[in-house]
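Below is one structure, written out as structure tokens; comments come after it.
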Amino acid sequence: RIRPFPNLPAYSIGYVNLLTWFLLAVTSIGMAQVGAMTAHRLPAKQLRWIFIAVMFYVGLRMLGVFDWLGWPV
């Protein structure tokens, strides 16, 4: 019998690993609550600057700036 996806880990449906999906779903629910509580406790200005810093970092990662500089970030 030919397996359509021979090199995939156990508990996979196609390219979706159910174990990984379950672990991500469970931790996302808990961390979303932690993030919401943290966002309500921080002042709006501080939260805005944290968001700007995270978006700037993600943008640099997407452009490959850290790889180009050879930084292991």
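Below, the figures for the structure above:
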read-out	value
Considering residues of the stretch 22-73 that are under 16 Å from the mean Cα position of the chain (by Cα) and among the hydroxyl-bearing types (Ser, Thr, Tyr) only, the residue farthest from residue 12 (Cα to Cα)	57
Residue in the stretch 3-15 that is loosely packed, with under 10 Cβ neighbours inside 10 Å and in a helix (DSSP H, G or I) present	no
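Readers should treat all values here as calculations from the given coordinates under stated rules, not as data from a laboratory. Because the structure is a prediction, the values reported are computed rather than measured. Heads up, the Cβs are rebuilt from the backbone with ideal geometry, glycines too, and the neighbour counts pull from every protein chain shown.
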